[in-house]
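*Asks:* Before I ask anything, here is the structure I am working with.
Bear in mind these aren't lab numbers, they're just calculated from the coordinates by the rules spelled out. Predicted model, so just to flag it, every value in this text is computed and none were measured. All Cβ positions, even for glycine, are placed from backbone atoms using ideal geometry, and neighbour counts span all protein chains on display.
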Amino acid sequence: MNHSILNNPRLLGIRARLCRDKVVNGLLPFLARMASIRTPFDMRELLTRLVFDLTATLTLGVDPGYLSMSSTSSSMMHMPSMHVCTAMDTVMEVGLLRHAMPASVWKAMRQLNVGPERKLAVAHKQLHGFVREMVAKRKPAASCRCDDEVEAAVDILFDDPVYSGGGFPLGNILVQLMVAGRDTVGTTLPWVFYSLANNPRVVSAIREELAPLIAIRKEASAYSSSSSSNTMVVFEPEETKGLVYLEAAILETLRLYPPGPLERKAVLADDVLPSGHQLCSGETILVSIYAMGRMEALWGKDCHEYRPERWLISRSHDGCAANKLRYVPSHKFMAFNSGPRLCLGKDIAMAQMKTIVATSMWSCCKGRTSNQSCRVPCR
């Protein structure tokens, strides 16, 4: 079901516009204001708000406005409370704790409504309450939607009699889509900016890769020479598709800081791994994706270094040097899982991250050399 929603033609065309509008109207104005008053801020919270708004709008058709501020405010203290994001974090935290204790223990806690299970129940109530509130706002407009109004996953479900008839837990599907959509991008982006802040040469390389796109815009008279240097520019997903160094920088971040550091697998039948390890039915296997990304046997002696070049293959075309992405099998790089469990939203997540990172690096890190620090505020 999730696959059909994520790849529905009705949503494909709207994702890029949603991301662009939120970057133009939310992210860039906030960064510009913080830069003008030289005020530090929490980059992780900012990106969490941005990604949550994007995910909620695409899923529920309503922008909750987590990344919004008045013309007089100068910090995120004046933005709406992030209680729904906190509830999502609680769901993930308690889910992890369940794997660290006997099932009988957490089931008893759930029955008695104590400890982490009590927190989980409250979090579920907040999440489903938020979804019901947003769906209630969306329903009146669903029947008289204008052509330029945002299409959302909830509209697809409303049009499906299987889900709109009330015989299926529609709220559970929407919560699942929101958690999945927020976690990958919302967890990865802060680490991307952290890595770039500590590696100014990578920022310079990304800006060099973006420069030809600006030149093309100038030639097309879309932007004047003054606007390209003084105005914040937003890069469309179609423009960032071919930016291999930018993608390599994001993949390198995912290698070192995967959004899901552990992967749990349950053994369904007795088997023997290629390594010779015997597996028995009913056993649980924990795969440390975090450790795999830092194994010298897989990534070389520089496995602890942030080096996007490891993802690139240099080639020459018509006498000009160029790069292409190196193929890395998913069983070696499991940030997006592997096999039939491969992340369904991988392409969506990469497109969003490339647009956000490219726009931020071009608009907010001007005039830097490879030896100068690009002050991307991360706290």
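*Asks:* Less than 22 Å apart at the alpha-carbon level, and either on another chain or at least 8 residues along: which lysines does that give for K107?
*Replies:* Answer for K107, where 22 Å is the Cα cut-off: K119, K125, K265, listed by chain and number.
*Asks:* Here is a further query. Consider a paramagnetic label point 7 Å from the Cα of R33 along Cα→Cβ; state which residues of the range 47-69 have an amide N under 15 Å from it.
*Replies:* Those under the cut-off are 47, 49-50, 65-69.
*Asks:* Using a Förster distance of 25 Å, how high is the FRET efficiency between N172 and S68, based on the Cβ-Cβ distance and rounded to 0.05?
*Replies:* In this case the efficiency is close to 0.35.
*Asks:* While we're looking at this one, here's another question. Going by amide H atoms built from the backbone, whose H comes under 5 Å of the H on D42, apart from near neighbours?
*Replies:* none
*Asks:* Provide the FRET efficiency to the nearest 0.05 for the A121-L262 pair, computing r from the beta carbons and using R0 = 30 Å.
*Replies:* 0.80
*Asks:* Here is a follow-up. Would you please give the FRET efficiency between H277 and A103, computed as 1/(1 + (r/R0)^6) with r the Cβ-Cβ distance and R0 = 22 Å, to the nearest 0.05?
*Replies:* For R0 = 22 Å, the calculated efficiency reads 0.35.
*Asks:* Still on this structure, I have one more. By how many nm would the segment from E93 to R20 lengthen if fully extended, with 0.36 nm per residue of separation less the alpha-carbon distance?
*Replies:* Gain in length upon complete extension: 23.1 nm.
*Asks:* Spin-label point model (7 Å from Cα, Cβ direction): what's the E236 to Y327 distance in nm?
*Replies:* Output for this residue pair reads 3.1 nm.
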